[in-house]
1. Residues of the stretch 82-103 being part of a strand (DSSP E or B) and over 21 Å from residue 13 (Cα atoms), which ones?
2. Would the stretch 28-49 turn up any residue that is on the phi > 0 side of the Ramachandran plot and either modelled with pLDDT of 95 or more or hydroxyl-bearing (Ser, Thr, Tyr) (or both)?
3. Does any residue of the stretch 34-50 turn out to be of a type in the set (Phe, Trp, Tyr) and either in contact with a Cys (Cβ under 6 Å, 6 or more places away or on another chain) or under 17 Å from residue 90 (Cα atoms) (or both)?
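The values are calculated or read from the model by the stated rules, or taken from the named source; none is laboratory data. Here the structure is a predicted model, which is why all the values come from computation and not from measurement. All Cβ positions, glycine included, derive from the backbone under ideal geometry; neighbour counts span all protein chains shown.
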Amino acid sequence: MRAKIDLQNDESLTNLPVQQDFETWVNAALVQKFDNLEQTIRLVGEAESRALNSQYRAKNAPTNVLSFTVENDYLDYECLGDLVICAPIVEQEAQQQGKPLPAHWAHMVIHGMLHLQGYDHQNAAEADEMEALEAKILSTLGYTNPYNV
């Protein structure tokens, strides 16, 4: 079963991937099987990203992607948590790094989804594992390794 995506864009941000792109990226990033997964992706501007990053990570700056895991004992569907992606930061990073914008969007969604599934990069071993998995997933979608810049 494919995950159902709840895509939120309250700020009416433009120049974004379409719903089907997000569905493709989320489903590609699922390393475990789900029967009834619903995934929320909230697309935000820099102000909301900064506020959330400050509140939850004590970093007073906007960031590309934030992952919020959730315990789903009270839900009648499977839910890993929420992804919050700052569209202007993703666009800026793609330009600065000389990457195609769709490839960077795919990377950010996959990166966030792996966080929701327990992957992290707090030390070198974790980072190596997570980056290798990201590169593998992205390659199945036709994207190059984002770490070979």
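1. None; the set is empty.
2. No; the residues of the stretch 28-49 include none that is on the phi > 0 side of the Ramachandran plot and either modelled with pLDDT of 95 or more or hydroxyl-bearing (Ser, Thr, Tyr) (or both).
3. There is no residue in the stretch 34-50 that is of a type in the set (Phe, Trp, Tyr) and either in contact with a Cys (Cβ under 6 Å, 6 or more places away or on another chain) or under 17 Å from residue 90 (Cα atoms) (or both).
Matching residues to (1) within 19 Å of residue 82 (Cβ to Cβ); (2) at pLDDT 95 or above; (3) part of a helix (DSSP H, G or I); (4) in contact with an Asp or Glu (Cβ under 8 Å, 6 or more places away or on another chain):
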residue	(1), (2), (3), (4)
105	yes, yes, yes, yes
108	yes, yes, yes, no
111	yes, yes, yes, yes
115	yes, yes, yes, no
122	no, no, no, no
129	no, yes, yes, no
132	no, yes, yes, no
135	no, yes, yes, no
138	no, yes, yes, no
